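Report on the structure given below.
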Ligand code: SF4
Ligand code: SF4
């Protein structure tokens, strides 16, 4: 374990990750499911808090293979699902007056792992590497030499479960797409969310 990297970090709840207008919180099918159950949201209410962010540029298969989260086809084009932002670019669930997350216990994996990101380092997907995200380096005030070293094993454990969830999410999206093809149904954001509510 001595070869594992050491990172000093403590989330000081500065809110930078929740309020940065260029940070988009992607969500997997299970993130959405947890949110819908935790807040008891109907399909229409879910549509109010989940956005389908359309890619501005043309996306190639190679681009898709490098994406953290599997994109979803919607009536407006290829997109990735994420938490909605308010007009100022702040996460919809951030309580600005109290500087805290309104859904902390059921927040998406993206928020649980920030400012870190994980990747498999071997083909049989056993070993996981931890890195700091670009955004984390850019503005996370909790990454500082004055804070203690993180419990690396705990974070790697979390990273593994998040990577597994991303694989499950990919399977879910593929199965939904195949179902649409079979039934000759046009892909719609609402239909995708409905499929999740039926889980
Ligand atoms: S869900 Fe909570 S932790 Fe995640 S960005 Fe929004 S306010 Fe921040
Ligand atoms: S930017 Fe870093 S320290 Fe600030 S709330 Fe996010 S994770 Fe915590």
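Quickly estimate the mean residue ellipticity at 222 nm for the chain, helices only: each DSSP H run with n ≥ 4 gives -39500 (n - 2.57), and the total goes over all residues, rounded to 500.
-11500 deg cm²/dmol, from helical runs alone.
Taking the range 23-180 on its own, what percent of its Cα-Cα pair distances exceed 24 Å?
Tail of P(r) above 24 Å: 40 percent of Cα pairs.
Please identify which residues in the range 11-54 have an amide N closer than 20 Å to a label point set 7 Å out from the Cα of residue 145, following the Cα→Cβ vector.
11-12
Roughly how many nanometres apart are two label points built 7 Å out from the Cα toward the Cβ at residue 57 and residue 100?
4.1 nm
How high is the FRET efficiency between residue 181 and residue 75 when r is their beta carbon distance and R₀ equals 22 Å, given to the nearest 0.05?
For residue 181 and residue 75, the calculated efficiency is 0.90.
Restricting to the chain, compute how many DSSP beta bridges are antiparallel as a %, nearest 5.
Around 100 percent of the beta bridges assigned by DSSP in the chain are antiparallel ones.
Distance between Cα centroids, the range 142-199 to the range 119-137: provide it in whole Å.
Comparing the Cα centres of the range 142-199 and the range 119-137, I get a distance of 16 Å.
Treat each spin label as a single point 7 Å out from the Cα along the C-beta direction, and report the residue 4 to residue 165 distance in nm.
2.0 nm
Round to the nearest 10 and give me the degree value, 0 to 90, for the angle of helix 29-38's Cα axis relative to the longest principal axis of the chain.
90 degrees
With Rg and the Kirkwood Rh both taken from Cα atoms, where does Rg over Rh land for the range 106-199?
Rounded to two decimals, Rg/Rh equals 1.10.
How large is the translational diffusion coefficient of the range 67-153 in µm² per second when you combine the Kirkwood radius over alpha carbon pairs with Stokes-Einstein at 10 °C and 1.306 mPa s?
This corresponds to a translational diffusion coefficient of 100 µm²/s.
Sorted by packing (mean other beta-carbon atoms within 10 Å per residue), highest first, where do 180-193, 141-154 land?
Order by mean packing, descending: 180-193, 141-154.
Who wins for biggest fluctuation among 11, 140, 101 in a Gaussian network model of the chain, springs between alpha carbons below 10 Å?
11
Once you have all Cα-Cα distances for the range 108-148, histogram them in 10 Å bins from zero and send the whole-percent values.
Pair shares across the bins are 26, 45, 24, 5.
Only the coordinates and a few stated rules stand behind these numbers; no lab work does. No experiment lies behind these values; they were computed from the predicted model shown. Don't worry about glycine lacking a Cβ; one is built from the backbone with ideal geometry, like all the others, and counts go over all protein chains shown.
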